[in-house]
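Colleague: Pasting a structure here, questions to come.
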Amino acid sequence: MFSVLFCALIFSALAVSADQLLLRNAIVHTVSGATLNPGDVLIENGKIKEVSTHITTEGKSIDLKGQHLYPGMIALDTSIGLTELAGVRATQDEREVGDFVPDVKSWVAVNPDSELLPVTRANGVTHVAPAPQGSIVAGQSGLIVLDGWTSEQMAYKKPIALHVYWPNMELDLTPKDKVRDKSKWKSPEDQAKERTNKLKALDDFFQDARAYILARDVAKTNASVDPGRNPSWEAMRPYVRAELPIFVHADDSRAIKAAVKWAETNKFKIVIAGGRDSWMTADLLAKKNIPVIWEHTYQQPAHDYESYDSHYAAPGILHKAGVNVIFSLGGSTFIASLIKNLPYEAAQAVAFGLPEDEAIKGITLYPAQVSGVADKLGSIEPGKDATLFACDGNGILDLRANVHHVWIAGKEMSLESRHTRLYNKYKNRP
Amino acid sequence: MISLRKIAIALALLTAICAHATTELLAPGFRPVPNDAHALVGATVFVKPGQIISNATVVLRAGKIEKVGANIAVPPDARVWNLKGMNIYAGFIDPYLTFSATGSPDSGSKKDRNDLTAGVKFFGVPGAERDPGNPGPGSELPAITPERRMAKTFAPEAKSLESLRELGFTTANVVPEKNIIRGTSVFVALGETDPNRAIIRSDVMQNVGFEEGFKEDTYPESLMGVVAAVRQTFFDAQHALVAPNENPREFNPALEALAPAVKKQMRVAFEPRSALMVDRAARVAREIGLDFCIVSSGQEWRRPDLAKAAAVPFIVPLNFPEVPKLPDDDDWTQVSLDQLRAWDWAPENPALLRKQNLEVALTTFGLEDKKAFRKNLKLALQRGLTESDALAALTTVPAKLCGLDKEVGTIETGKLANLTIVNGKGYFEPESKVQSVWIDGRFYRTDFEEPKPESKDDHTASSGEKKEEATKPSPAPPKVVEPEKQPAPEPTEAEKVAAKKPKKSAEAKAETSDKDKAKDKKAEPPKPRVARSPLDGRGALTAPTLVIITNATIWTCGSQGILTNASIAISNDKIQGVNSPVTFHGKATFIDGTGLHVTPGLIDCHSHSMILGDVNEGTIPSTAMVRIGDVVNSETANIYEQLGGGLTACNLLHGSANPIGGQNCVIKLRDGASPEGLKFAAAPQGIKFALGENVKQSNWGEKYKTRFPQTRMGVETFIANRFIAAQRYLKEWEHYEALATADYPRSNKPLQLPSAPRRDLELEAIGEILQGKRLIHCHSYRQDEILMLLRLMQGFGVQIATFQHVLEGYKIAEEIAAGKVGGSTFADWWAYKFEVYDAIPYNGSLMHDRGVVVSFNSDSSDLARHLNLEAAKAVKYGGTSEVEALKFVTLNPAKQLRIDKYVGSLEPGKDADFVIWNKNPLDSSSLCLQTWIDGKKYFDRDQSKARFAALETERQALIEKAKKSGKADSAKDSSAEAKKKFFEVSLEHRYDGKIRHCEEDEQ
């Protein structure tokens, strides 16, 4: 068994090392630097070796004249991989029970053969971060690469973040006589109390985690105080110590403000996910250097006093204030099959004021940064993974553009999917 | 219960002075009954609105008004009441008092019924037994109880009558609560607890309330279902009149009870419960031919035009919201502008209704705490209701409404001796007190306390602090003394303190309590309204007679294709020419189209965005009688948001909860227009059908396993059944009409023509499909079900207009094309449930390639904001050309809806519905700059900034006002109820900001 694995490793290493591929004549959106038009990218051993206006090589090369070359897109905060058909319960693996389950890990439950994955990849999305849904501390997400035979092979980085669903701070102000179940009605005052209690419970959980970790550290030299290994508290270690980010899911402006304050007090590293009202607190988020995973492009304004385009314009407002905006379609299982449309969320923001290069960063470099993989993904730079895609037209923000090549770590991916199979089958129906 | 009643009667006898014609001789032990002649002298008498006599005398005898005037001799046998300084009004009338308000439980509703999801015989649906759980005959719908009579159950409690008398009310029209067609009201005197004596007239009005969600899973659950049920029931009542000997014979007390109403012998009070439904209530009532009035929802300020058009009297509650305290200052972010407006507008609504030339009657209806009535009346007066109108609203108008204007409403000879006596400056000054009321010539003391001569501060004398003392029921029959001569009782501790208050030093005053502040506020002049009308800034922005756009790229979606550097001329509401010489006299508006793109207005073939209330009437498998046209929501924010994406027309569809859904309604997005004004008049009628998982309740939960159909097999069986039933229905009518219109020879003329068949709204609608007058738009996914319906309808000679969604349409594109059915699909939605696992984004292109007329629809209030980008997906997937792709959201949906004669392309003679874009609209970074409908501009991106800035300013001002007045209110004895009302979300805006789709509310 061991020797077989060993041989396989050597074999694959040899195969890759022999691999060199030159992508020529493309419009190279390096993201981190200037766009080269035209430009060449040399791939070697699955990594980007060189990026330049002109590279010569003896090896294999592909002419990408007229095509745009981008780093693979990264979709954070999604349920893809954990769901197949939102309406079929048996296919749901995205939501656990319990308010405090930090040791729930998304990457162990990704279905490598989900029909949703090839569809997503075929439009240039190469990495996704399936996130546990739930309430309060719902678990951890990992970054999944959309290539691999097993869920193990696909777990690109694990974990990347802890998911905290900020307690709802919106009051249910429905008058009692309008509520169906009158016994469940609570006065605004009671709800406010409950709200405070929930925030305290959340904070307590983190303080308890901190205490546990301290005790464990002390126990290294003094075994008598060891509280014993507890997987829940262990899972909290990198987040309490701000080594990894906490993705705080918060939409309401009150929740966002409260989360920012909480993070500041505790010196936690947070990212706001969802962020419906984040544009209202853009300056605060900029000041605290907190990025936003913006998930509301295609949702109508939440308040009747907002402009008709408030959610289209929000990323532009956030950027102007100095906030890094990452685009996502959100964790709803109903949207998991449409992660391929990630670039169009960004494109809509461009129409309403976000600079185009920021929009591209919001689907490549920024998500790579908050996932802690910016050394390997997110831009076209020497040393990074050769995870790229090429499309025609006016570039990936243009809906009409088609993706013609996707490479993950230098390997060209098939663009076939359930969609293309059915299309080809029925296109040829006699 | 019985003993309570006895006590109540005894109490009434004790506290009241009976004054019957020949005075009754009671048994020893009871207080003897006094004479029935009274002379009320020295007061200011409001004979009727606008007629005031000061220092007048009113003579009462035998329960009637004998005389009224300034110089009237006091009859020698009359007891004299010196009412100097008092004001006498005709006794006030509450035209819409609910039973619960008089303290008695409303026991009128029928027993709960078993689950009726398997259908009701009423609609010809096989399934449940008729009337399961219903103990007697009547309508098969539990919410239809016109036979319920309030006269049968009226049994008030003394306490609740007292509280009404305290407000000056002497009579009331007691109406049934709950249910849809609710039953008849009873007109009562508020003096007696003995119902036999109290009732003045029974069965005064029939009552209808547009109450949605009456009972879960029981037809009608949705608002549109309610309207359909009301119409059908009244039609049935009409039918019962002309065809009493139906076979099989039927005894139906519900229809019998409606006979006076349909014969216009009984007025019907409609409670529409929202501003928009006022219009629907009026239209339904007129269609049936009813004599009716409307109960105000307090929301008519949203659309005064609709109230005005109703042109019938309004019964107006005075239940205004009050500003509540919010736990946190930040919590104001979740208070909507609309809630603030509703709060600020509420007190002005009565005056606004008067300004529409409507007769207004006031009611305590809706006030849990009746005491708020006079406080709120004052607010209404401050906002423009005149005292004369207010008096009419309490007397003459309700009297007339209830058909009792000969008996009550004014102080005139012969009328019932019902009077309301108020001290001080009169009723409309809340500080003044109702001293007493007279009902049927009997005196009823209220908790009125004579002002103490030693106290100079009126404020203190009438402050609420003494209430406890004052409300103690007097154990003995009241001693009637002249007010001036009444000895002042010893002041209580509270009074002593209160009396001292004004003498407090200036120092003490500096630290005024909130209470004092509130008092000061009261003295302040009323704060003017800050809220604007929701109609402000809506409607056409400009409506030039001639518009010429030059140098633009024009996507004609017609034979001219895409023209660059082209011009288009719009004359009034039509397109005059594209790239053709323009003739015009006078002024023209020129738009430089350099760099801009002009397209036809986008059309959404599948929308639920402007529907009031539920999208589904999913309770029974066929709801063909239900009409979206009854519940078009002209006020939702969705209209403007979608205009902002270039949408100009959409097909409002019923949801997909049942195989045969409701009737559709095609509208144009003329923001600001009324529901009727939105309708696309020339669009043919249609209906929603649905197949697959939704209609067989696959994802509704375990509870839903009994309604037919549960399988795709059953769906076919069910639809076939309804079409055969409709064929028979049509035949029945044909037969009747042939007999009715036949030219009989004189000798052969039958003695009696057969009566017309019963009008069945469900079968009528399905019949119209068979007659080619109604288009089918069928929600569908799988290829087998699509083919099933196609063949089934072909068997009935019916041409289906569109398959909606039709996500497996690509598998049978040839068959769909051959059947000439349109395909209205999603651009790329898939894999959200099992039946859409095979959906592919190439569907549109593939069907298009095989000759199907294809459109992309939204089925979502969000997607409808960017249908141009959906169209672009047809370019990406399957390579449809850009020219053709744009037609997926313009000309093709117009064709599918059979409105392509008018809209869908930019061609001479068509409606001037167009959009101006900053670049190619299929480019994902394009922007809609302007949207025009009928040659009028309804959206302009440049102007939208100012529009929303104005909203923001208004909101800030309102919040400021609300916070201030909230502080003041918290000091007053304000009601918790009024504060809860503040948070009510109006029906018109309930779904704003939410994605509406066809599966909504199914589960």
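The values are calculated or read from the model by the stated rules, or taken from the named source; none is laboratory data. In this text, all values refer to a predicted model and were calculated from it rather than measured experimentally. Neighbour counts are summed over all protein chains in view; Cβ atoms, including those assigned to glycine, are modelled from backbone coordinates with ideal geometry.
Colleague: Within the stretch B:808-828, which residues are buried (at least 23 other Cβ atoms within 10 Å of the Cβ), assigned to a loop (DSSP other than H, G, I, E, B) and more than 11 Å from every other protein chain (Cβ to nearest Cβ)?
Modeller: Correct list: B:Val821 only.
Colleague: Of the numbered conditions (1) more than 14 Å from every other protein chain (Cβ to nearest Cβ); (2) touching a residue at least 60 places away in the same chain (Cβ under 8 Å); (3) closer than 30 Å to A:Asp277 by Cα, A:Trp107 fails exactly one; give the number of that condition.
Modeller: A:Trp107 satisfies every listed condition except (2).
Colleague: Right, next: Kindly provide the set of residues from the stretch A:80-111 that are part of a loop (DSSP other than H, G, I, E, B) and more than 18 Å from A:Phe334 (Cα to Cα), ordered by number.
Modeller: Initially, the stretch A:80-111 is screened for residues part of a loop (DSSP other than H, G, I, E, B), giving A:80-82, A:84-88, A:93-94, A:96-99, A:101-104, A:110-111.
Within the stretch A:80-111, A:Val97, A:Gly98, A:Asp99, A:Val101, A:Pro102, A:Asp103, A:Val104 qualify.
Colleague: Here's a follow-up. So which helices (runs of 4 or more DSSP H) stay within the stretch A:326-430 end to end and still have 2 or more residues that are within 10 Å of chain B (Cβ to nearest Cβ)?
Modeller: Details: elements: A:342-351, A:356-361, A:365-370, A:418-427.
Per the criteria, A:342-351, A:356-361, A:418-427.
Colleague: Which one is nearest to B:Glu785 (Cα to Cα), of the residues in the stretch B:699-716 that are among the polar types (S, T, N, Q) and surrounded by 15 or more Cβ atoms within 10 Å (Cβ to Cβ)?
Modeller: Just the residues of the stretch B:699-716 that are among the polar types (S, T, N, Q), to begin with: B:699, B:706, B:710-711.
Pick out the ones that are also surrounded by 15 or more Cβ atoms within 10 Å (Cβ to Cβ) and you get B:699, B:710.
On the way: B:Asn699: 18, B:Gln710: 14 Å.
Filtering the stretch B:699-716 for residues that are among the polar types (S, T, N, Q) and surrounded by 15 or more Cβ atoms within 10 Å (Cβ to Cβ), the one nearest to B:Glu785 (Cα to Cα) comes out as B:Gln710.
Colleague: Give the residue that is surrounded by the most Cβ atoms within 10 Å (Cβ to Cβ), with candidates limited to residues of the stretch B:621-632 that are aliphatic (A, V, I, L, M) and either assigned to a strand (DSSP E or B) or in contact with a Pro (Cβ under 9 Å, 6 or more places away or on another chain) (or both).
Modeller: In the first step, residues of the stretch B:621-632 are kept if they are aliphatic (A, V, I, L, M); the result is B:624-626, B:628, B:631-632.
Applying the additional criterion that residues be either assigned to a strand (DSSP E or B) or in contact with a Pro (Cβ under 9 Å, 6 or more places away or on another chain) (or both) yields B:626, B:631-632.
Working: B:Val626: 33, B:Val631: 30, B:Val632: 25.
Taking the candidates together, the pick is B:Val626.
Colleague: Here is a follow-up. Take the conditions touching a helix residue (DSSP H, G or I) at 6+ places or on another chain (Cβ under 7 Å) and modelled with pLDDT of 95 or more and apply them to B:Trp345. Does it pass?
Modeller: On the way: touching a helix residue (DSSP H, G or I) at 6+ places or on another chain (Cβ under 7 Å): yes; modelled with pLDDT of 95 or more: yes.
For B:Trp345, the condition - touching a helix residue (DSSP H, G or I) at 6+ places or on another chain (Cβ under 7 Å) and modelled with pLDDT of 95 or more - is met.
Colleague: For A:Lys158, only one of the following conditions fails: (1) more than 14 Å from chain B (Cβ to nearest Cβ); (2) of a type in the set (D, E, K, R); (3) in a helix (DSSP H, G or I). What is its number?
Modeller: Status for A:Lys158: all satisfied but (3).
Colleague: Further question: Looking only at the stretch B:410-431, which residues are more than 17 Å from B:Leu394 (Cα to Cα) and buried (at least 18 other Cβ atoms within 10 Å of the Cβ)?
Modeller: Our first condition is that a residue be more than 17 Å from B:Leu394 (Cα to Cα); within the stretch B:410-431, this holds for B:413-414, B:423-425, B:431.
Across the stretch B:410-431, the qualifying residue is only B:Asn423.
Colleague: Are any residues in the stretch A:61-90 among the acidic types (Asp, Glu) and more than 13 Å from the chain's Cα centre (by Cα), and if so, which ones?
Modeller: Step one: filter the stretch A:61-90 for residues among the acidic types (Asp, Glu), giving A:63, A:77, A:84.
Selection gives A:Asp63, A:Glu84.
Colleague: Same structure again: Can you tell me which residue is farthest from B:Arg231 (Cα to Cα) among those in the stretch B:259-297 that are under 8 Å from the mean Cα position of the chain (by Cα) and among the hydroxyl-bearing types (Ser, Thr, Tyr)?
Modeller: Only one residue tops the list, namely B:Ser297.
Colleague: List every residue pair whose Cβ atoms sit under 6 Å apart, with the two residues 6 or more apart in sequence or on different chains, where the first one lies in the stretch A:402-413 and is under 12 Å from A:Asp19 (Cα atoms) and assigned by TED's automatic domain parsing to the domain that holds A:Leu388 and the second, anywhere, is in a strand (DSSP E or B) and not basic (Lys, Arg).
Modeller: A:Ala409/A:Asp385; A:Gly410/A:Ile43
Colleague: Can you go through A:Glu356, A:Glu381 and tell me which one is within 27 Å of A:Tyr308 (Cα to Cα) and surrounded by fewer than 24 Cβ atoms within 10 Å (Cβ to Cβ)? Explain how you work it out, then say what you get.
Modeller: Values: A:Glu381 fails: within 27 Å of A:Tyr308 (Cα to Cα).
So the residue among A:Glu356, A:Glu381 that is within 27 Å of A:Tyr308 (Cα to Cα) and surrounded by fewer than 24 Cβ atoms within 10 Å (Cβ to Cβ) is A:Glu356.
Colleague: Further, regarding this structure: Among the listed residues B:Arg865, B:Arg850, which satisfies the condition of being surrounded by 24 or more Cβ atoms within 10 Å (Cβ to Cβ) and assigned by TED's automatic domain parsing to the domain that holds B:Ala649?
Modeller: Numbers: B:Arg850 fails: surrounded by 24 or more Cβ atoms within 10 Å (Cβ to Cβ).
Selected residue: B:Arg865, the only one of B:Arg865, B:Arg850 that is surrounded by 24 or more Cβ atoms within 10 Å (Cβ to Cβ) and assigned by TED's automatic domain parsing to the domain that holds B:Ala649.
Colleague: Additional query: If we keep just the residues of the stretch B:299-323 that are small (Gly, Ala, Ser) and surrounded by 23 or more Cβ atoms within 10 Å (Cβ to Cβ), which is nearest to B:Leu258 (Cα to Cα)?
Modeller: Of the stretch B:299-323, the ones small (Gly, Ala, Ser) are B:307, B:309-311.
Those still in the list that are surrounded by 23 or more Cβ atoms within 10 Å (Cβ to Cβ) too: B:307, B:310.
Details: B:Ala307: 25, B:Ala310: 22 Å.
So the residue we want is B:Ala310.
Colleague: Something else now. Quick one: how many residues across the stretch B:908-939 are in contact (Cβ under 8 Å) with a residue 24 or more places away in the chain and either β-branched (Val, Ile, Thr) or within 12 Å of chain A (Cβ to nearest Cβ) (or both)?
Modeller: So in the stretch B:908-939, the residues in contact (Cβ under 8 Å) with a residue 24 or more places away in the chain come out as B:908-924, B:926, B:928-929, B:931-939.
Now restrict to residues that are either β-branched (Val, Ile, Thr) or within 12 Å of chain A (Cβ to nearest Cβ) (or both): B:915-924, B:926, B:928-929, B:931, B:933, B:939.
So the answer is 16.
Colleague: Kindly indicate the residue of the stretch B:770-786 that is part of a helix (DSSP H, G or I) and in contact with a Gly (Cβ under 9 Å, 6 or more places away or on another chain) and also surrounded by the most Cβ atoms within 10 Å (Cβ to Cβ) among those meeting that condition. Even if it seems obvious, please write down each step before you answer.
Modeller: The initial filter retains those residues of the stretch B:770-786 that are part of a helix (DSSP H, G or I), namely B:770, B:783-786.
Next, from what is left, pick out any that are in contact with a Gly (Cβ under 9 Å, 6 or more places away or on another chain): B:770, B:783, B:785-786.
Numbers: B:Leu770: 18, B:Gln783: 20, B:Glu785: 23, B:Ile786: 28.
Filtering the stretch B:770-786 for residues that are part of a helix (DSSP H, G or I) and in contact with a Gly (Cβ under 9 Å, 6 or more places away or on another chain), the one surrounded by the most Cβ atoms within 10 Å (Cβ to Cβ) comes out as B:Ile786.
Colleague: Which of the residues spanning the stretch A:193-214 are in contact (Cβ under 8 Å) with a residue 12 or more places away in the chain, among the charged types (D, E, K, R) and within 20 Å of A:His249 (Cα to Cα)? Walk me through how you get there before you give the answer.
Modeller: Going residue by residue through the stretch A:193-214, those that are in contact (Cβ under 8 Å) with a residue 12 or more places away in the chain are A:195, A:198-199, A:201-203, A:205-206, A:208-210, A:212-213.
Next, from what is left, pick out any that are among the charged types (D, E, K, R): A:195, A:198, A:203, A:208, A:210.
Result: A:Arg195, A:Lys198, A:Asp203.
Colleague: Tell me yes or no: at least one residue of the stretch B:578-585 is over 24 Å from B:Glu884 (Cα atoms) and among the aromatic types (Phe, Trp, Tyr).
Modeller: Here is the first cut: in the stretch B:578-585, the ones over 24 Å from B:Glu884 (Cα atoms) are B:581-585.
From what's left, among the aromatic types (Phe, Trp, Tyr): B:584.
Yes - at least one qualifying residue is present in the stretch B:578-585.
Colleague: Tally up the residues in the stretch A:291-311 that are more than 7 Å from chain B (Cβ to nearest Cβ) and of a type in the set (Phe, Trp, Tyr), please. Step through it out loud before you land on a result.
Modeller: First, pick out the residues of the stretch A:291-311 that are more than 7 Å from chain B (Cβ to nearest Cβ): A:291-297, A:306, A:310-311.
Among the residues that remain, those that are also of a type in the set (Phe, Trp, Tyr) are: A:294.
The total comes to 1.
Colleague: Please determine, by comparing only the residues of the stretch B:869-893 that are without any contact (Cβ under 8 Å) to a residue 40 or more places away in the chain and either in contact with a Pro (Cβ under 7 Å, 6 or more places away or on another chain) or of a type outside the set (Gly, Ala, Ser) (or both), which one is nearest to the other protein chains (Cβ to nearest Cβ).
Modeller: Our first condition is that a residue be without any contact (Cβ under 8 Å) to a residue 40 or more places away in the chain; within the stretch B:869-893, this holds for B:876, B:878-881, B:884-885.
Now drop any that are not either in contact with a Pro (Cβ under 7 Å, 6 or more places away or on another chain) or of a type outside the set (Gly, Ala, Ser) (or both), which leaves B:876, B:880, B:884.
On the way: B:Lys876: 5, B:Thr880: 10, B:Glu884: 13 Å.
Going through the qualifying residues, I end up with B:Lys876.
Colleague: If you don't mind, there's one more thing I want to ask. Tally the residues that are over 17 Å from A:Leu365 (Cβ atoms) and surrounded by 20 or more Cβ atoms within 10 Å (Cβ to Cβ), restricting the search to the stretch A:28-43. Outline the logic, then answer.
Modeller: First pass over the stretch A:28-43, keeping only residues over 17 Å from A:Leu365 (Cβ atoms): A:37-40, A:42-43.
Applying the additional criterion that residues be surrounded by 20 or more Cβ atoms within 10 Å (Cβ to Cβ) yields A:39-40, A:42-43.
So the answer is 4.
Colleague: Of (1) within 15 Å of the chain's Cα centre (by Cα); (2) surrounded by 24 or more Cβ atoms within 10 Å (Cβ to Cβ); (3) on the phi < 0 side of the Ramachandran plot, A:Trp107 satisfies all except one. Which?
Modeller: (2)
Colleague: Hey, any hits in the stretch A:248-257 for a residue that's acidic (Asp, Glu) and closer than 17 Å to A:Ala138 by Cα?
Modeller: Restricting attention to the stretch A:248-257, the residues satisfying the condition of being acidic (Asp, Glu) are A:251-252.
So of that shortlist, the ones also closer than 17 Å to A:Ala138 by Cα come out as A:251.
Within the stretch A:248-257, one or more residues are acidic (Asp, Glu) and closer than 17 Å to A:Ala138 by Cα.
Colleague: Please work out which residue is surrounded by the fewest Cβ atoms within 10 Å (Cβ to Cβ), limiting yourself to the stretch B:328-358 and to residues that are touching a residue at least 60 places away in the same chain (Cβ under 8 Å) and not in a helix (DSSP H, G or I).
Modeller: First, pick out the residues of the stretch B:328-358 that are touching a residue at least 60 places away in the same chain (Cβ under 8 Å): B:332, B:335-345, B:348.
Next, only the ones that are not in a helix (DSSP H, G or I) stay: B:335-336.
Details: B:Val335: 23, B:Ser336: 19.
Residue satisfying both the conditions and the ranking: B:Ser336.
Colleague: OK, next. Which of the residues belonging to the stretch A:179-200 are surrounded by 14 or more Cβ atoms within 10 Å (Cβ to Cβ) and either assigned to a helix (DSSP H, G or I) or not assigned by TED's automatic domain parsing to the domain that holds A:Ala250 (or both)? Please lay out each step first, then the result.
Modeller: First, the residues of the stretch A:179-200 that are surrounded by 14 or more Cβ atoms within 10 Å (Cβ to Cβ): A:185-188, A:191-192, A:194-196, A:198-199.
Within the stretch A:179-200, A:Pro188, A:Gln191, A:Ala192, A:Glu194, A:Arg195, A:Thr196, A:Lys198, A:Leu199 meet the criteria.
Colleague: Answer with yes or no whether A:Ile317 is outside any loop (DSSP other than H, G, I, E, B) and within 24 Å of A:Lys200 (Cα to Cα). I'd like the intermediate steps shown before the answer.
Modeller: Values: outside any loop (DSSP other than H, G, I, E, B): yes; within 24 Å of A:Lys200 (Cα to Cα): no.
It is false that A:Ile317 is outside any loop (DSSP other than H, G, I, E, B) and within 24 Å of A:Lys200 (Cα to Cα).
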